[in-house]
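Accompanying notes for the structure given below.
Any read-out appearing in this document is the output of simple, stated calculations on the displayed coordinates, not a laboratory observation. Nothing here was measured: the structure is a model prediction, and the numbers come from that model. For neighbour counting, all protein chains shown are included, and Cβ atoms are generated from backbone atoms with ideal geometry for every residue, glycine included.
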Amino acid sequence: MKQILFALAIIGCVFTANAQDVEKQSVEKQQTANISPSTGDYFDGLTRPLTFNRMIPPYALEVTFSKTVHIIFPSAIRYVDLGSADLLAAKAAGAENVLRVKAALRDFSRESNLAVITDDGAYYTFNVKYADEPVKLSVEMTDFIHDGEAVNRPNNAMEIYMRELGSESPLLVKLIMKSIYKNDDREIKHIGSKRFGIQYTLKGIYTHNGLLYFHMQLKNSSNVPFDVDFITCAPVKVS
């Protein structure tokens, strides 16, 4: 009788151990499933996967610790985002369209990324990795809209809008201003001013989609050379 009870006790221990192993394996599988990376094809809820034709292809960029990579954009830089603390980036002093990029530490192993938005509404994205000797230390980004080659346009054709321009595309605004400058028509011939060798002339006023475009010309015939920094406009009451 004691032998039978002892055998039953051993069998009970085996079953208990097996049950614990099965439960442990189930918990481990569940934990593994929770930490496994998503394939992008399934999420909790009603979703659909992003296809590759919705992806903006990134540029490849190499950086190093002891040298600085300069990226020249066709327009002023408005926004910069770094993917990790392994990267350092800042606008070059005195230049609005030049970005300085370098590695914050030596030999970082994981690839990072960099995103830039410029004033003309263009969006640029880069995959960045470390290299002891980067081949391209100075990079000039192409102005896809104004280089005259439609085939050079990327497939990221979505527009980026700026608060001050409302619903108007910055790229279209730039094209309109370029067209006004190139045509150089004088629609208005009686508004201007000339003092101390400086002549100001308003040559035309245009409108499109709620925005006003002023075609102005400044001439300096004085003996003091200077560059125009900016022009401001303000409403004036006329009695």
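Computed from label points 7 Å out along Cα-Cβ, the spacing between Ile176 and Ser222 is 3.3 nm.
Sort His215, His70 so that the residue with the fewest other Cβ atoms within 10 Å of its own Cβ comes first and the one with the most comes last.
Numbers: His215 19, His70 16.
Fewest to most other Cβ atoms nearby, the residues stand as His70, His215.
With the cut-off at under 18 Å, measuring from each backbone N in region 67-82 to a point 7 Å along the Cα-to-Cβ line of Ser138 picks out 67-75. Label sites at Ile191 and Ile72, each approximated as a point 7 angstrom past Cα along Cα to Cβ, lie 3.7 nm apart. The fraction of all Cα pairs in region 55-152 landing in successive 5 Å bins from 0 to the largest distance is 3, 13, 24, 25, 18, 10, 5, 1, 0, given as whole percents.
Packing around the peptides 178-186, 198-206, taken as the average count of other Cβ atoms within 10 Å per residue, puts them in this order, highest first: 198-206, 178-186.
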